[in-house]
Amino acid sequence: MSKPVIATASLAGCFGCHMSLLDIDDRILKLIELVEFHKSPIDDIKTFTKPCDIGLIEGGCCNHENVEVLRSFRKHCKTLVAVGECAVMGGLPALRNGIPIKDCLEEAYLRTPTTEGNTVIPNDEELPVILDKVYPCHEIVKVDAFLPGCPPSADLIWEALTALLEGRPLKLTYDLIKYD
Amino acid sequence: MAEIKLTIDGKPCTARPGQTILEAAKASGIYIPALCHYEGLKPSGSCRICTVKVNGRPAAACTQPVAEGLVVETATPELEDMRRALVEMLFVEGNHFCPSCEKSGNCELQALAYRFGMLVPRFPYQWSVREIESVSPRLLMEHNRCIQCRRCVEAIRTPDGRRVFAAQERSGRLRIGVDPELAAGLDEDTARKAMAICPVGAILYKEVGFAVPIGRRKYDRSPIGSDIETK
């Protein structure tokens, strides 16, 4: 029987959740025995070529590309997991949600202390269009499981992965649920 | 004085006349989750987290006095789901960014969510637009995190008894306002008390920040209420 397939992505995140996944120490050896990694920054596979069992999403959606990637994960993954505060609730990028997008862009590109001369707000068809707000993943697609934390601890990620692989419910002890 | 007998989740308990259900439960080693309530302050019964069923009818345990023969239910699936829903509503109603909050680990709203095992709120985020206000040389008011429990309104007074914090406006526009002159005159102890009494990170003592490391904060290891249950 072939191994279960895992895909991962970082949307509007900082890769901290991926770091936390790598932080499972020597259990990572067990993990590569248990599963096969498909599309993921870890193995640099960029496109889906087959259906996956588990999709791990880090980060929320701040632009159109994030939405596209998230939708394609939903399409290709049986179980989609929101990993970390940004995927679960928007996280720190969502601090901009109360500020109009125009003000954000002007502040970032025209009014910073280091901008000099003729400055513009980048606008090219190559660039993904920024969204009005940063959205949690479950407000864009259906998400099957949530792992909060900034980042979620390696133990929580391990518990979730093994629970999903064994098809059992998550054992969430008190020390595993943290939002920071 | 005569003892009052009541049952809480089927457990026979005794209470003194004048006690609330919350106090009687605590004395019997039963934790009823509560948020706006603060020991020693007049209970306002505003958050409704402590809702229990008293003889089959919902009531706030922090305001409801005990009476002979009361049958109180608290740890039922229905009430526990309702409490969790209330906590989830508070999480989506304000802007609670736990990773960047000075009160994280010591926050009672977060601690309740931990205790209830909240992974994600069931309601859509509101992204309310609120401000951060420097209200005195010693205090910051982070309105994004305020849950309008009114503990500060009740507890923080000037030496001559005047309130420093007050509820302004009503309903969805309600906010906790601060009298800038009175706030400027607060001594250090009262300003620190204001931060301590705030269940969330809405009132902050300036220039302190993240004083206690992760792992050693109040609710890092043991759930809120576990001190009552282990008594």
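The values are calculated or read from the model by the stated rules, or taken from the named source; none is laboratory data. Every value quoted in this text rests on a predicted model; they were computed, and no experiment measured them. Here the Cβ positions follow ideal geometry from the backbone for every residue, glycine too, while neighbour counts run over all protein chains shown. We work out accessible area using only protein heavy atoms, side chains counted, and drop any ligands, DNA or RNA first. Shrake-Rupley method; radii C 1.70, N 1.55, O 1.52, S 1.80 Å.
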Review point. Does any residue of the stretch B:189-202 turn out to be within 14 Å of chain A (Cβ to nearest Cβ) and not in a helix (DSSP H, G or I)?
Key: yes
Exercise for review: Please enumerate the residues belonging to the stretch B:40-68 that are open to solvent by 50 Å² or more (accessible area, probe 1.4 Å), closer than 26 Å to B:ASN106 by Cβ and out of contact with any helix residue (DSSP H, G or I) (no Cβ under 9 Å at 6 or more places or on another chain).
Suggested key: B:SER46
Study note, to complete from the structure: Going through (1) without any contact (Cβ under 8 Å) to a residue 40 or more places away in the chain; (2) open to solvent by 60 Å² or more (accessible area, probe 1.4 Å) one by one, A:ASN97 fails only at (2)
Exercise for review: Could you check how many residues of the stretch B:109-147 are in a loop (DSSP other than H, G, I, E, B), open to solvent by 40 Å² or more (accessible area, probe 1.4 Å) and not hydrophobic (A, V, I, L, M, F, W, C)?
Suggested key: 7
Practice item. Considering each of B:PHE91, B:PHE116 in turn, give the residue that is closer than 25 Å to B:GLY172 by Cα, touching a residue at least 24 places away in the same chain (Cβ under 8 Å) and of a type in the set (Phe, Trp, Tyr). Key: B:PHE91
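Among the residues of the stretch B:75-120, which ones are hydroxyl-bearing (Ser, Thr, Tyr) and within 18 Å of B:LEU22 (Cα to Cα)?
Restricting attention to the stretch B:75-120, the residues satisfying the condition of being hydroxyl-bearing (Ser, Thr, Tyr) are B:76, B:100, B:104, B:114.
Once the filter is applied, which keeps residues that are hydroxyl-bearing (Ser, Thr, Tyr) and within 18 Å of B:LEU22 (Cα to Cα), the stretch B:75-120 yields only B:THR76.
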Exercise for review: Tell me which of these A:ILE6 doesn't satisfy, since it passes every other one: (1) open to solvent by 20 Å² or more (accessible area, probe 1.4 Å); (2) touching a His at 6+ places or on another chain (Cβ under 8 Å).
Suggested key: (1)
